[in-house]
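S.K.: Below is one structure. I have some questions about it.
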Amino acid sequence: QKEVEQNSGPLSVPEGAIASLNCTYSDRGSQSFFWYRQYSGKSPELIMSIYSNGDKEDGRFTAQLNKASQYVSLLIRDSQPSDSATYLCAVPTGTASKLTFGTGTRLQVTL
Amino acid sequence: GAGVSQSPSNKVTEKGKDVELRCDPISGHTALYWYRQSLGQGLEFLIYFQGNSAPDKSGLPSDRFSAERTGGSVSTLTIQRTQQEDSAVYLCASSLARTERDEQFFGPGTRLTVL
């Protein structure tokens, strides 16, 4: 089992809809979770971090964490074409807090 | 303030040559990470520096890869005798690294192509 798993997509949603991106992780002791957005040809950009069970909202983005189910998700409300990108879920591992990434979910927001 | 910077942005080299990639972290960030992103392998950790501690080299794929960090700031990743499978985007990230909650911020990356 991979340490961090995501569906590769593409996930296609119409403009204005809610995009739901999911991530599962294997280390039950994980405490921190990060979502990065990566546009084609660019480097990952941090968009959300979450540490506690429940929801964390930032603008159109909501991160949801359920440690019992080892599941973290990212919701994007009112999706825009500019949201079209690959979304990477990342979990720190080991004493160095090096990030282990999922393979990313490619989101396509259609007009 | 300035983010993480990397140079060069692109590097094309011939198989067997050595290359050096540079990373300048965010000012005040004591932790510096190198990652590699290639097709089919995703984004993978290479090496980690924290202050004056010994680096965590557990992600380096072979002894052709080495890195150093001088003065607790700028880091150089060196790949000796490059191979075609080394072609990838090499990403540097930095963080405050006080706890695992500290967020890592990435530089723009260096795209390495080995012919």
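No value in this document is a laboratory result; all are computed from the given coordinates. Here the structure is a predicted model, which means the values were calculated and not measured. Reconstructed Cβ throughout: ideal geometry from the backbone, glycine too, with neighbour counts over all protein chains shown.
S.K.: Name the chymotrypsin sites (Phe, Trp or Tyr not before Pro) in the stretch A:1-61 that are in a loop by DSSP and that have at most 16 other C-beta atoms within 10 Å, would you?
M.R.: Listed in order of number, the matching sites are A:Tyr39, A:Tyr51.
S.K.: Here is a follow-up. Would you calculate the separation in nanometres between label points at B:Glu85 and B:Ser5, each defined as 7 Å from the Cα along the Cα-to-beta-carbon direction?
M.R.: Here the modelled spin labels are 3.5 nm apart.
S.K.: Can I ask one more? Taking θ = phi - 60°, what integer Hz values does the Karplus form 6.51 cos²θ - 1.76 cosθ + 1.60 yield along the stretch A:61-76, in sequence order, with x for Gly and Pro?
M.R.: My calculation for the stretch A:61-76 gives 9, 10, 9, 10, 10, 9, 5, 5, 8, 6, 9, 9, 9, 10, 10, 10 Hz in order.
S.K.: Evaluate chain A: find the radius of gyration of its Cα atoms, find its Kirkwood radius, and give the ratio Rg to Rh.
M.R.: Result: Rg/Rh = 0.95.
S.K.: Next question. Quick one: what are the phi-derived ³J(HN,Hα) couplings along the stretch A:84-94, Karplus 6.51/-1.76/1.60 with θ = phi - 60°, whole Hz, x for glycine and proline?
M.R.: Couplings: 5, 5, 9, 10, 10, 9, 9, 10, x, 9, x Hz.
S.K.: If you don't mind, another one. With label points built 7 Å along Cα→Cβ from the Cα atoms of A:Leu11 and B:Glu20, find their separation and express it in nm.
M.R.: If labels sit at A:Leu11 and B:Glu20, their model points lie 4.3 nm apart.
S.K.: Oh, and also: What residue among A:Trp35, A:Ser79, A:Val13 has its Cα farthest toward the positive end of the dipole of chain A, where the charges are +1 on Lys, Arg and -1 on Asp, Glu, each on the Cβ?
M.R.: Farthest towards the positive pole: A:Trp35.
S.K.: To continue, here is another question. So who's got an amide H within less than 5 Å of the one on A:Phe33, skipping anything under 5 residues away but keeping other chains? H placed 1.01 Å off N, in plane.
M.R.: Sorted by chain and number, the residues that satisfy this are A:Ile50.
S.K.: With only alpha-carbon atoms in the gyration tensor, what are the semi-axes of the equivalent ellipsoid for the protein assembly as shown, in Å, largest first?
M.R.: 30, 20, 16
S.K.: Here is a follow-up. Taking Rh as the Kirkwood radius, which is the inverse of the mean 1/r over Cα pairs, what is the Rg/Rh value for the stretch B:75-115?
M.R.: So for the stretch B:75-115, dividing Rg by the Kirkwood Rh gives 1.12.
S.K.: Could you compute the FRET efficiency for A:Leu46 and B:Ser66, with r as their C-beta to C-beta distance and R0 at 25 Å, rounded to 0.05?
M.R.: Calculated value: 0.35.
S.K.: To the nearest 20 Debye, how big is the dipole of chain B about its Cα centre, given +1 on the beta carbon of each Lys and Arg and -1 on that of each Asp and Glu?
M.R.: Using only the charged Cβ atoms, the result is roughly 160 debye.
S.K.: Below 8 Å, C-alpha to C-alpha, sequence gap of six or more: please give me the relative contact order for the stretch A:1-57 in percent.
M.R.: So the answer I get is 27 percent.
S.K.: Convert each backbone phi in the stretch B:5-15 into a coupling constant with the Karplus relation 6.51 cos²θ - 1.76 cosθ + 1.60 (shift: θ = phi - 60°), then list the ³J(HN,Hα) values in order as whole Hz, x for Gly and Pro.
M.R.: 10, 9, 8, x, 6, 9, 9, 10, 9, 9, 3
S.K.: Just subtract the alpha-carbon distance of A:Arg28 and A:Ala68 from 0.36 nm times their residue separation and send over the number in nm, one decimal.
M.R.: 13.6 nm
S.K.: Please grab the % of Cα pairs in chain B that end up more than 21 Å from each other.
M.R.: I get 31 percent for the Cα pairs in chain B exceeding 21 Å.
S.K.: Then there's this: Search the structure for amide H atoms under 5 Å from the amide H of B:Ala67, placed 1.01 Å from N in the peptide plane, and list their residues when 5 or more places away or on another chain.
M.R.: B:Thr78
S.K.: Among B:Pro8, B:Asn52, B:Gly42, which residue has its Cα furthest toward the positive end of the charge dipole of chain B, with +1 on Lys/Arg Cβ and -1 on Asp/Glu Cβ?
M.R.: Of the options given, the answer is B:Pro8.
S.K.: If you look for lysine pairs in the protein assembly as shown that are eight or more places apart or on different chains, how many of them have Cα atoms under 30 Å apart?
M.R.: Step by step, the pairs that qualify in the protein assembly as shown add up to 22.
S.K.: Over chain B, calculate the relative contact order: mean separation of alpha carbon pairs under 8 Å at least 6 apart, over the residue count, as a percent.
M.R.: In percent, rounded to a whole number, it is 37.
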